1. Length gain on complete extension for the stretch Q13 to W55, per 0.36 nm per residue less the alpha carbon to alpha carbon distance?
2. Report the normalised scattering of segment 129-217 as log10 I(q)/I(0) at q = 0.15, 0.24, 0.26 Å⁻¹, calculated by the Debye formula with identical scatterers on the alpha carbons.
3. Considering amide H positions built from the backbone, and no H for Pro or chain starts, which residues 5 or more places from D117, or on another chain, come under 5 Å of its amide H?
4. What number comes out for accessible area per residue over segment 93-217 if the probe is 1.4 Å? Units Å², please.
5. Could the peptides 48-56, 160-168, 123-131 be put in order, highest first, of the mean number of other beta-carbon atoms found within 10 Å of their residues?
6. Along Cα→Cβ, 7 Å out, is where each label goes; now give me the distance between the ones at V166 and A88 in nm to one decimal.
7. Scan the chain and note any complete DSSP helix (H) whose C-alpha atoms cover at least 27 Å along its axis and whose Kyte-Doolittle average is -0.5 or more.
8. If you bin the C-alpha pair distances of the chain every 5 Å from 0, what whole percents do you get?
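The values are calculated or read from the model by the stated rules, or taken from the named source; none is laboratory data. Bear in mind that the values here come from a model prediction, so they are computed numbers and not experimental data. Methodologically, a virtual Cβ is constructed for each residue, glycine included, from the backbone with ideal geometry; neighbour enumeration extends over all protein chains shown. Remember, those area values only see protein heavy atoms, side chains included, never the ligands or the DNA or RNA. Shrake-Rupley method; radii C 1.70, N 1.55, O 1.52, S 1.80 Å.
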Amino acid sequence: GWLLYPWAFRILQQPLEAAVDTTKLALNFPSVAASLDMQIKVSLFGGVVLASPWWLFQLWRFINPGLKKRERRWALAFVGAAAPLFFAGVGLAWAIMPIAVRVLIGFTPEGVLNIIDAAAYLGFVMRLMLAFGLAFLAPVVMVVLNLLGIVRGKQLLSVWRGAVLVIFVFAAAATPTSDVVSLMALALPICALYFAAVGIALINDRRVDKRKAENPL
């Protein structure tokens with residue numbers, strides 16, 4: 001993350017540059033140590049994103065002892081699905097960021113230079129990207145809970161109305177603007193992933209029930 005900081009800093013600035021006329025806007029580092037502090041934060045953020053396949057695999061290793069031998073074979077599928085979903089969430093947040101920035105900067109009065117605190121802006125961008133990435137992992141957690149036998153697919157399906165409401169409330173809180181595009185861009189993919197996870201849980205429950213019926217002991 002430290003080595004990639006110059007590239008990462010330019011990438012994180014792109015939504016700002018794409019949204020507004022940069023001649024009327026400037027990022028500001030308010031203190032002598034602010035630049036170093038920001039490089040450390042961006043480096044840590046980059047490390048979390050780049051290492052996501054590894055810490056997701058470690059998460060699986062943590063719950064792995066509670067699974068049966070057959071269920072442990074899902075490890076590769078878990079990491080194979082979780083890492084791309086996390087990256088997809090981060091990528092989606094970065095894609096809608098220009099819309100969010102354009103709406104928020106649009107409140108600046110005419111003839112005024114908007115001097116943005118660099119730490120505040122980059123912190124806002126990184127938090128939003130992590131929130132999107134973690135939100136996209138929720139369906140994977142649902143499937144894992146089903147594999148562990150903690151929750152069944154019918155239970156997940158029975159609360160779909162409340163789940164959709166929670167998803168939209170989360171999307172409204174996670175997106176910093178009031179525009180419908182940003183809200184739907186986060187809520188609809190998570191809803192689709194939620195129902196996909198419910199479908200996988202139902203299929204797994206049917207397989208487990210069939211195995212128990214064939215081998216009641």
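1. Working: separation 42, 0.36 × 42 = 15.12 nm, distance 2.70 nm.
Result for the pair: 12.4 nm of gain on full extension.
2. -0.60, -1.14, -1.26
3. N28
4. Accessible area per residue, segment 93-217: 54 Å².
5. Working: 48-56: 15.6, 160-168: 14.0, 123-131: 18.8.
Descending packing order for the listed peptides: 123-131, 48-56, 160-168.
6. Going by the 7 Å Cα→Cβ label model, 2.0 nm.
7. Working: long enough: 75-105 (44 Å, 2.01); 180-214 (50 Å, 0.85).
Going by DSSP H runs, the hits are 75-105, 180-214.
8. 1, 6, 12, 15, 15, 14, 11, 8, 6, 4, 3, 2, 1, 0, 0, 0
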